[in-house]
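Here the structure comes first, spelled out in structure tokens, and everything after it is commentary.
Each reported figure results from applying straightforward, stated rules to the coordinates on display, with no laboratory input. On a predicted model such as this, the values are computed, not experimentally measured, just so you know. For neighbour counting, all protein chains shown are included, and Cβ atoms are generated from backbone atoms with ideal geometry for every residue, glycine included.
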């Protein structure tokens, strides 16, 4: 017993009782028979009873409880628990089941480049889990053959019954897995050419890169406009310089045919050049000069008509054949800067619609042929628009055909589908981060794609039914991407990265295979993203071949 007194247990017991003197007053408590624990009985039943009694006595002792220390090898193995009644949460099929609480600190996000093939494979795997695990499949493989047909003799006459199947999967799942894999077009992930563009503006409200039908690329760099062709690797030829030293170019647009280039400036001047002779044809001084800050940020041609959108919230239409310095028509519907204007075609009946996007988050569709939905009165218009309608010449009675307010940020990206009439794609800034598709014949939105990043510009392919979008700031995906979408499914074909800043500009080569992008990193990057044009073979037996009917 002397060894017990000098042990750790004995010291703690004396410290608890007080001074440790045997004559000190103490309460009568049940004592633990340590001698009986030193030699446990051999019988398992008696041993269990003795341990239970000892445990009961220990809980009655006044000593402090200490954490039990387990010896190595005494712990049990960990078995994960899955709620059989909630398989959606067990297999991470429920998006809301595994969301952490706001108080939990989120780990740092690691960006990963989206891969269309991997995303579709993940979607296929999740759909299989939903149908097989999260549903309520009949466990026919666990039943005996007798019990399967015991209560339903009519099942014997149905050869498609699940009882006859040899696969444990549902028929829907088997057909989903066995379907042919979609073919993915191989798109080069790196640009084949990179050009330095010092002075290229990193401004969401400018449009400074455009490719002419003749193959000449026009780029606005600060106070100058340069023309570049693929033959000149040393640099582009300078076309013009701003008249005012404090002015700079903010928008460029080629006429759809010929060598005519229009350029808008930050001070509201509009200039038209003949690039074949490097000569200024016409200059509209103070084309937009109603308020301070007259920047012309967007231009668009249709036939001989040039439309310009400015910070003064006006859209003006100029006839290139008319030498007068006044626009023949003006449109007012936006309450803030006009970020983008785009005609639906180049002359003809397809060129009757004009799309405009503004910093007021509105998208307007105009029909300048005179098809007006609203009355000529300005009821319901803002005071700014009402003043222009009543005061300015040529504006009375002009109202947009449609006004769409679904966007939640400035609408800059506008693109008309060259393959289908009345199909328009629009994209907005970071607060919206969506691409929306519209049917302008019915005035309805047909699709909405959440990109997770700022949509700077949009462009349709002329060789394939695909859409290109360029992006900037992002909170959910990799910033500064170039994405290619397949219409009408709007599945992502490819995602390209390379720019280190917002990809503000994009333009299509006349051959329809190459695009050029420009960004705030002051570089121009050329990408081969679209297939070449395929000449359709003539069918000799076609009923439309009227030549064979001539004798």
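Computed from the Cβ-Cβ distance with R0 of 56 Å, the FRET efficiency linking residue 192 to residue 167 stands at 0.70.
Averaging Cα coordinates gives a centre for the range 411-439 and one for the range 496-511; these two points are 17 Å apart. I want to make sure I understand the PRE zone here: with the label point 7 angstrom from the Cα of residue 185 toward its beta carbon, which residues in the range 508-534 have backbone N atoms less than 11 Å away? Answer for the range 508-534: 513-514, 529-534.
Per residue, the convex hull spanned by the alpha carbons of the range 213-278 comes to 80 Å³. Highest average first, the peptides 476-485, 437-446 ordered by how many other beta carbon atoms sit within 10 Å of their residues are 476-485, 437-446. Once the Cα-Cα distance is subtracted from the 0.36 nm per residue extended length, the residue 439 to residue 335 segment shows a gain of 35.0 nm.
You can think of it this way: the chain between residue 127 and residue 473 has 121.4 nm of extra reach, that is 0.36 nm per residue less the Cα-Cα gap.
Taking label points 7 Å from Cα along the Cα-to-Cβ direction, residue 176 and residue 289 give a separation of 6.6 nm. The distance linking the range 182-204 with the range 319-339 is 33 Å (Cα centroid to Cα centroid, whole angstrom).
On the basis of the beta-carbon distance and an R0 of 22 Å, residue 533 and residue 259 show a calculated FRET efficiency of 0.45. Shape descriptor for the range 294-348: Rg over Rh equals 0.96 (Cα atoms; Rh from the Kirkwood inverse mean 1/r). In plain terms, if you count all Cα to Cα distances in the range 185-320 and split them into 10 Å steps from zero, the share in each step is 12, 44, 32, 10, 2, 0 percent. Subtracting the Cα-Cα distance of residue 408 and residue 276 from their residue separation scaled by 0.36 nm leaves 43.3 nm. Here the peptides 415-421, 304-310 are ranked by packing, the mean other Cβ count within 10 Å, and the order with the highest first is 304-310, 415-421.
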